[in-house]
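In what follows, a structure is listed as structure tokens, so that the remarks can point back to it.
Every number in this text was worked out from the coordinates using simple rules, so none of it is lab data. Since we're looking at a predicted model, the values are computed, not measured. Glycine also receives a Cβ, built like all others from the backbone with ideal geometry; neighbour counts cover every protein chain displayed.
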Amino acid sequence: MGSRLDQLAKQHGISLTRPSPDNVEVPISDETKRQVLAALGVAEKSAVTPLKQKPSQAIPKSYLPEALEQGRVWGISLQLYELRSERNWGIGDFEDLIGMIRLASSLGADFIGLNPLHAPFLADPDRCSPYEPSNRQMLNPLYIAVDKVPGFKDSPQLDGRLRSLRETDLVDYLGVAEVKLAALREIWRSKQGSTVAAIDGESFDDFIQASGDVLRRHALFESLSASMAERDHGAGWKDWPIEYRTPDGPEVAEFAEAYADDIRFHMWLQWLAHRQLSKAAKAAQDAGLKIGLYLDLAVGEAMDGSATWGERDTYILDATVGSPPDPFATEGQDWHLAAIDPDQIASGKQSPYQRMVTAAMRYAGAVRIDHAAALRRLFLVPLDDSPDSGAYVDYPQEELLQILANASAQFQCLVIGEDLGMLPEGLQDDLAEAGILSYRILSYERDEDGFKPADAYPRLSLACISTHDHQTLAGWWRGADIEARAQHGIVPPDISATHVEQRQHEREDLKNVLDVAGTEPPDHLPRANATNAKLQRLVVSAHRFIAKTPAVMVAVRLADMTGEKQPTNIPGTSDSYPNWKPKLSVSIEDLVNVPVVQEIAGVMREERS
């Protein structure tokens, strides 16, 4: 039967074990059980009730577009902020996105895959991870193309500042935010805060009314956040004076009255972002892209952001989302994200999960669920504890899949699940039955015989070479990922040495699978220290392999096409590497002239037609 504490933990969906780096189940401590129960709002003296077995039901199916019923498509994945152009303000923006849509169409691609576009902390722009947003229901105003906003006026002084911002190799988020928000405030003041013209028949006031309290609370948070940061309290609400840490107190009401125009300004920023992203979605449709925009959804939100401040009772605030120890992060990971309470996530007519999902689907032909394991469970780490003190907590998979099915049908938006890492048993089968595409990365598709052959990839999947958390294929070939983990102390030296040895075998295995697939003879493939020209040949050959798979979608990472040396993100680092800041080495205007871009596009057209 187990102890009473074990019974109570199981009743509230807490797993009694977790995996170790050696894939052995390790019991979680009684202290962890107590801490996670407390984070879920369960007193240790609560009554233990018998677990009720729910009757199994048919798994609801998410939407699959007609183009994928028989055909296969490919597209380009990128980080919007990394784009360079002759006109942007030091960060890729929604107008650059339209430029990429036109390029994709000319190359024969059918979608553009993007990083999460969720709202960050405008008062702390260097908190720039798109996977630790302030609010997943709101958009990032830094992606607004200010020069396309009605009422914008250029100046020589501004031109000089923008040239400097464009020339940096890393996005200067502080500089970008300063110049963009100043210019947008000037436009706002010129309209006197009230006479805002409609765009395409939709008025600003209509947008405010349709967006409801979530928009109002987010704008109030942004205004308060800026005010608190100016007073050295920090942009996140956990550092604010206690009277401002909840949205319903008298001091907050007094602030809202005094700063009404500023709050309306932040609502306007959301409207502009909404209108420009809608325009980009329409541009994808007009260009004939069969899927259009493919948006990414982060697995959680910042512990001290607008979402947790505005909907306090919806979130778990005494534990954070992370992952247990594994071979590539031997001490586990704490992602510092707030999880929605499993009892709240699917409840109500407009549930938190439904609102979050539809906030992206309204613009997208596809969405990717980051860390799809969260549909069934999340690993929660008690505050101020290490990840090896965490535990898995169950989530209502059946209800979440139903929400996804309903929303995807409403918006005709397919769903992709990032089903990587340590997955609960049977989840991949459930996702496949739900019509949710599996997410297959080349370097992960291995078994005891080496890399899996092309025909082993499931049809209902998205296949790719690399993602934002990986080095490019050329970097992987050189072992840059292993070197980075060692350099930043993520993996101890003995394990790192093992990884170096393994990589030698992996390179040979990749040569073999490319040879069997007929993409390139093995003697034509490069050595570990090969020249760029030979590495480019490898990159094209590997993309031909991926294009040959039955996967209905193939995503070609723009950084692989341009041969970027700087990784987008090194998981497990924070201050030691400028994550989410590196720009591409090639501007949008010059991409069409990059030989590898044309070669890979040609391979995709040839193999996917």
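Note that region 223-366 shows a convex hull volume over its alpha carbon atoms of 175 Å³ per residue.
Under the convention that each Lys and Arg Cβ holds +1 and each Asp and Glu Cβ holds -1, the size of the dipole of region 355-431 around its Cα centre is about 500 debye. Subtracting the Cα-Cα distance of Arg4 and Gln70 from 0.36 nm times their residue separation leaves 18.4 nm of extension gain. Binning all Cα-Cα separations of region 455-609 at 5 Å, short to long from zero, yields these whole-percent fractions: 1, 9, 16, 20, 21, 16, 11, 5, 1, 0. DSSP beta bridges fully contained in the chain are about 50 percent antiparallel. When peptides 400-408, 492-500, 571-579, 301-309 are ranked by their average number of other Cβ atoms within 10 Å per residue, the highest-first order is 301-309, 400-408, 571-579, 492-500. At q = 0.08, 0.12, 0.13 Å⁻¹, work out log10 I(q)/I(0) for the chain with the Debye formula, treating every Cα as an identical point scatterer and leaving solvent out; two decimals please. Here the Debye-derived log intensity ratios amount to -0.57, -1.36, -1.58. In region 536-599, Rg over Rh equals 1.04, where Rg is the alpha-carbon radius of gyration and Rh the Kirkwood radius from pairwise Cα distances. Computed over the chain, relative contact order equals 19 percent, with contacts defined as Cα pairs under 8 Å that lie 6+ residues apart. Distance between the modelled labels on Phe152 and Ser386, one decimal in nanometres: 5.0 nm (7 Å Cα→Cβ projection).
Show me 412-423, 154-165, 253-264, 178-189 ranked by packing, highest mean number of other Cβ atoms within 10 Å first.
412-423, 178-189, 253-264, 154-165
Taking each DSSP H run with n ≥ 4 as -39500 (n - 2.57) and averaging over every residue of the chain yields -12500 deg cm²/dmol at 222 nm. Rg and Dmax of region 120-277, both derived from C-alpha coordinates alone, stand at 15.9, 47 Å.
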